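The values are calculated or read from the model by the stated rules, or taken from the named source; none is laboratory data. Bear in mind the structure is a predicted one, so any value in this text is a computation, not a measurement. Methodologically, a virtual Cβ is constructed for each residue, glycine included, from the backbone with ideal geometry; neighbour enumeration extends over all protein chains shown. These area figures cover heavy atoms from the full protein model, side chains too; ligands, DNA and RNA do not enter into them. Shrake-Rupley method; radii C 1.70, N 1.55, O 1.52, S 1.80 Å.
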Amino acid sequence: MKSISFIIFFMCLCSAHSQSITGTVTNEKNNQPIPNVEVTLSPSSRKTTTDSNGKFTFKDLEQNYYTVYFYLEGFKYNQKAVELNTNEQVVVDIQLNSFDVSLEEILLFATPTQPTKKIEDALHTGTKITRKGLELVGVSGNNNIYNVLNIVPSVSVQSADAYGLSETDMRIRGVSDYYSGTTTDGIPNYGISPVGARNDIYDAENLESITLHKGAIPADVFSANGNRGGSIDIRYKRPTKVAEIETKQSYGTDDFKRTFLRLDSKELKTNTSAFISYSYTEAQKWKGLGVLGERNHVTAGVNQKLGDKLELELMYNYNDVFKHNLRGFNYGQIQDYKDNYTLDFNDELTGVLAQDRFYFDYNKGDFKNHLSIASLNYTKDRSNKGSFKVYYTKEEADYSFTRGSGMQPMKRDNTRDLSQIGITANWSGKISDYNYAFGYWFESFESDLNTKDYFILSDGLEFKWRNNYKSVSDGNTTIHNPYVKLSRSFNKFKAQVGLRYMYNQEPGTERFLSTAIDAYSPTSDPDLNTKKLKHDAFLTSVGIGYKFSNNLDMYLNYGRSYMRPYKYGPTFNTYLNNRDVFLANNMTYQSLMDSYEMETSDNFDLGINFTKNKVKIYATAFYNKQQNLISNILDPTINVNYNQNSGTVTGYGLELETYFNFYKNWVYFLHPSYTKMTYDENMSFVRGGNIETILIKDNQLPATPSEMVKTGIMYNKNGLSFNAAMTYTGERFGDATNIEKVSDFTVFDAAIKYNTKFNKVLSSCSFSLEMKNVLDRKYIGIVSAWDDGQNGSASYFFGAPRTIVGSITIML
């Protein structure tokens with residue numbers, strides 16, 4: 001097993017919360033308190049037992065809807081739903097009657113997903129995947145959070161392998177994950193080149209929950225490059241109050257091996273608690289030569305209470321993965337499943353250009369990520385609290401891929417060295433009946449991106465020095481992001497409003513063209529240089545809601561989201577290739593950059609939540625209008641195609657989450673969704689000197705299925721659990737003109753697990769068996785395409801075949 005050395009400097013502070021739930025459990029027959037009742041809180045999965053006076057307490061809870069479950073052998077279980085608002089202490093007094101029911105049957109209906117809302121908000125704005133949901137997804141979600149999100153309606157996740165180690169593509173309500181933001185305990189954690197969320201740098205075993213905001217996003221969600229495609233909020237699982245050791249070993253198809261170990265200290269007399277975890281994952285590609293992962297991962301955290309009002313927490317996350325790519329295909333090739341389904345990159349060089357373009361070792365990457373967070377949280381009283389966080393992230397990547405035609409293929413080597421340092425400050429409180437919050441996010445972003453192209457020749461590689469260049473910047477990219485929120489409940493009526501200002505400034509840059517191999521001009525060309533680039537946007541959010549009863553509520557939310565400009569590299573290459581034309585029309589590269597604006601999206605969500613007894617139904621209708629989308633279209637004044645803020649897209653749809661505890665230990669779930677995403681207008685494009693009208697109006701965006709259905713059953717009794725799921729993905733297209741049609745498909749997955757409890761030393765041991773793609777269905781998974789991509793530009797990846805994984809988990 002590959003070994004690594006690392007030095008861990010823990011940094012992070014967990015947000016403290018002043019909300020709590022307390023109560024007393026008594027005997028219904030004589031009103032006497034009952035000690036030793038097991039009390040479980042869902043969705044947090046926190047447990048406690050009643051004391052000698054029948055009392056229990058859950059402290060430091062987030063604002064949310066909870067269900068409290070009560071169980072003691074010899075008594076009939078009971079439960080109570082609770083809405084916990086900001087700075088509130090809810091008292092839950094309950095009585096038990098004699099009748100024995102398994103606690104597993106009670107907790108079975110603690111569902112994998114549920115509506116959620118941010119602190120200080122009055123209305124639901126997101127979907128939370130609970131610990132139950134994280135565990136339900138299994139091994140495929142352990143290395144890749146996108147696979148966890150795939151249980152949510154209107155989210156389409158496709159991966160080229162079954163373990164989440166290779167290429168993965170996600171669409172949220174039809175919008176690519178390139179335009180999604182990610183926060184880790186409220187800290188923005190994202191990338192550039194490519195932009196978007198980093199989905200494979202976490203171990204799901206160390207996460208408490210994942211919250212997905214799909215439409216109207218609260219003002220205090222810092223999402224960095226953009227959140228036009230939604231925002232993913234990851235929350236770590238904190239150190240436990242008792243000493244624990246968790247170890248898990250998994251083996252599966254294609255030489256898959258995964259080892260996970262987590263050590264939790266108990267809370268010491270110094271009010272200190274800590275944990276550290278390590279995992280190692282490896283697998284071979286399911287076809288062709290190469291590895292999908294030699295992945296090393298470390299997560300660690302320390303929590304220190306500094307009195308009654310102050311708390312410090314440090315957190316560190318490290319991920320290192322080396323992997324070879326799986327081969328993508330063009331549309332013509334995927335018509336032939338028989339010959340191409342098992343075809344991959346070539347094992348060796350042949351000296352034939354058309355063959356050597358597909359050499360496996362020309363298509364690989366090594367990626368390292370570090371995240372350190374330190375937070376300080378201060379609680380003045382029940383109504384006033386604040387937090388201050390400092391963070392540092394670093395990403396190092398070295399990856400390559402091949403491109404070009406068979407006549408002259410090329411290999412491109414890419415390196416990126418990114419570092420971000422920033423702070424967030426937040427304060428929340430209450431004035432009269434109004435809850436308020438305000439805060440600020442600042443970040444300084446330094447990026448060093450380098451690209452080298454090589455001609456693939458019969459006797460090796462030759463550096464392509466012409467039109468290569470190097471960039472020298474005069475500073476870092478800086479982000480300033482203040483926000484303010486206000487909410488109030490008027491009995492059953494609720495309202496909230498938020499305002500966020502997003503300001504992004506990129507440094508001035510000089511560019512030096514290459515003159516020979518590894519040699520550059522001593523002076524930059526003025527038409528290639530750019531001054532500081534500034535982009536900003538005001539982002540508002542408004543919501544109203546009404547609570548009809550304890551079982552039924554409705555809300556209407558509006559929110560504006562954004563995406564900072566991107567595609568700088570392709571635009572610069574277009575400028576170089578058409579430099580004489582631009583200069584003849586008094587246009588420089590600065591002219592193109594000056595025309596860039598932030599993309600924005602106006603989002604509306606209308607939702608209904610119904611929960612009663614053994615039924616949970618969450619329904620949402622959504623509508624969005626996305627403006628200023630960067631699209632590659634014709635500039636008729638110079639007869640050249642280049643990226644411009646010219647696209648407008650309209651989206652709408654319906655999504656439904658339902659859970660039914662229809663018989664004892666069985667739960668059935670059904671998550672259907674419908675999504676329509678279309679361009680509002682056709683586009684003009686010049687090809688071969690001829691101007692064409694690209695007919696994309698009212699066409700479905702590429703890679704976006706209109707219909708999806710996720711359904712299945714879950715069973716749990718006496719330590720034995722079973723789940724089976726079916727995912728239907730409707731037809732998709734590989735281009736904006738909807739010429740390249742991809743057939744719909746259905747995939748079945750299943751898993752079985754047995755958990756047994758032992759003694760105080762070996763607290764539990766569980767065995768699980770998972771099967772992905774049970775029927776071994778052959779289908780097209782990833783459709784890799786830009787929203788404005790034309791036919792012939794997309795890459796297609798086959799989905800992974802049947803995969804079987806066995807795991808054993810021991811808790812000490």
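Tabulated values for the structure
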quantity: Close pairs (6 angstrom Cβ cut-off, 6 or more residues apart or separate chains): within 28 Å of residue 192 (Cβ to Cβ) in the stretch 356-380, basic (Lys, Arg) and open to solvent by 40 Å² or more (accessible area, probe 1.4 Å) anywhere; calculated: 370/394
quantity: Output for the stretch 257-286, where each listed residue is under 25 Å from the mean Cα position of the chain (by Cα), among the charged types (D, E, K, R) and either crowded, with 18+ Cβ neighbours inside 10 Å or outside the structural domain of residue 297 (by the TED database) (or both); calculated: 258, 262, 282, 285
quantity: Residues of the stretch 172-194 satisfying the condition of being in contact with a Gly (Cβ under 8 Å, 6 or more places away or on another chain) and open to solvent by 20 Å² or more (accessible area, probe 1.4 Å); calculated: 178, 193
quantity: Members of the stretch 727-743 that are touching a residue at least 12 places away in the same chain (Cβ under 8 Å) and open to solvent by 50 Å² or more (accessible area, probe 1.4 Å); calculated: 728, 731, 739, 743
quantity: Strands (runs of 3 or more DSSP E) lying entirely in the stretch 202-267 (those with 2 or more residues that are under 21 Å from residue 753 (Cα atoms) and of a type in the set (Val, Ile, Thr)); calculated: 244-252
quantity: Top-ranked residue of the stretch 314-327 - restricted to ones that are among the hydrophobic types (A, V, I, L, M, F, W, C) and within 15 Å of residue 375 (Cβ to Cβ), ranked as least open to solvent (accessible area, probe 1.4 Å); calculated: 315
quantity: Residue list for the stretch 42-55, restricted to those being crowded, with 21+ Cβ neighbours inside 10 Å and either under 26 Å from residue 383 (Cα atoms) or in contact (Cβ under 8 Å) with a residue 60 or more places away in the chain (or both); calculated: 42, 43
quantity: Failed criterion for residue 397 (all others in (1) more than 30 Å from residue 86 (Cβ to Cβ); (2) part of a strand (DSSP E or B); (3) open to solvent by 30 Å² or more (accessible area, probe 1.4 Å) hold); calculated: (3)
quantity: Filter pass, residue 147 being under 16 Å from the mean Cα position of the chain (by Cα), without any contact (Cβ under 8 Å) to a residue 24 or more places away in the chain and under 30 Å from residue 774 (Cα atoms); calculated: yes
quantity: Residue count for the stretch 19-37, restricted to those that are closer than 27 Å to residue 208 by Cα, at pLDDT 85 or above and part of a strand (DSSP E or B); calculated: 4
quantity: Qualifying residue in the stretch 159-171 (condition: in contact with a strand residue (DSSP E or B) (Cβ under 9 Å, 6 or more places away or on another chain), in a loop (DSSP other than H, G, I, E, B) and surrounded by fewer than 24 Cβ atoms within 10 Å (Cβ to Cβ)); calculated: yes
quantity: Residue in the stretch 526-541 that is open to solvent by less than 50 Å² (accessible area, probe 1.4 Å) and without any contact (Cβ under 8 Å) to a residue 24 or more places away in the chain present; calculated: no
quantity: Selection status of residue 580, acidic (Asp, Glu) and without any contact (Cβ under 8 Å) to a residue 24 or more places away in the chain; calculated: yes
quantity: Qualifying residue in the stretch 730-749 (condition: assigned to a loop (DSSP other than H, G, I, E, B) and under 30 Å from residue 135 (Cβ atoms)); calculated: yes
quantity: Which numbered condition residue 681 fails, given (1) open to solvent by 50 Å² or more (accessible area, probe 1.4 Å); (2) more than 24 Å from residue 566 (Cβ to Cβ); calculated: (2)
quantity: Members of the stretch 688-727 found to be farther than 24 Å from residue 134 by Cα and out of contact with any strand residue (DSSP E or B) (no Cβ under 8 Å at 6 or more places or on another chain), listed by number; calculated: 688, 689, 690, 695
quantity: So residue 212, is it surrounded by fewer than 24 Cβ atoms within 10 Å (Cβ to Cβ) and closer than 24 Å to residue 377 by Cβ; calculated: no
quantity: Test result for residue 227, surrounded by 24 or more Cβ atoms within 10 Å (Cβ to Cβ), within 30 Å of residue 267 (Cβ to Cβ) and not basic (Lys, Arg); calculated: no
quantity: Matching option when the condition is assigned to a strand (DSSP E or B), touching a Phe, Trp or Tyr at 6+ places or on another chain (Cβ under 8 Å) and closer than 24 Å to residue 426 by Cβ, among 483, 546; calculated: 483
quantity: Check on residue 311, on the phi < 0 side of the Ramachandran plot and either in contact with a Cys (Cβ under 6 Å, 6 or more places away or on another chain) or surrounded by fewer than 22 Cβ atoms within 10 Å (Cβ to Cβ) (or both); calculated: no
quantity: Filter result for residue 649 (farther than 30 Å from residue 713 by Cβ and either open to solvent by 40 Å² or more (accessible area, probe 1.4 Å) or modelled with pLDDT of 95 or more (or both)); calculated: yes
quantity: Of all residues in the stretch 750-788 being polar (S, T, N, Q) and outside any strand (DSSP E or B), the one that is nearest to residue 137 (Cα to Cα); calculated: 773
quantity: Residue satisfying condition, being farther than 19 Å from residue 174 by Cα and assigned to a loop (DSSP other than H, G, I, E, B), within set 806, 792; calculated: 792
quantity: Tally of residues being open to solvent by less than 10 Å² (accessible area, probe 1.4 Å), not aliphatic (A, V, I, L, M) and not in a helix (DSSP H, G or I) across the stretch 139-158; calculated: 5
quantity: Any hit, the stretch 428-442, residues being farther than 30 Å from residue 384 by Cα and not small (Gly, Ala, Ser); calculated: no
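Residue-by-condition table, conditions (1) of a type outside the set (A, V, I, L, M, F, W, C); (2) within 20 Å of residue 185 (Cβ to Cβ); (3) touching a helix residue (DSSP H, G or I) at 6+ places or on another chain (Cβ under 9 Å):
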| residue | (1), (2), (3) |
| --- | --- |
| 255 | yes, no, no |
| 266 | yes, no, no |
| 270 | yes, no, no |
| 301 | yes, yes, yes |
| 307 | yes, no, no |
| 311 | yes, yes, no |
| 321 | no, no, no |
| 327 | yes, no, yes |
| 348 | yes, no, yes |
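To keep it simple, each residue is scored yes or no on (1) outside any strand (DSSP E or B); (2) farther than 30 Å from residue 489 by Cα; (3) open to solvent by 70 Å² or more (accessible area, probe 1.4 Å); (4) not hydrophobic (A, V, I, L, M, F, W, C).
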site	(1), (2), (3), (4)
416	no, yes, no, yes
423	no, yes, no, no
446	no, yes, yes, yes
454	no, yes, no, yes
462	no, yes, yes, yes
470	no, yes, yes, yes
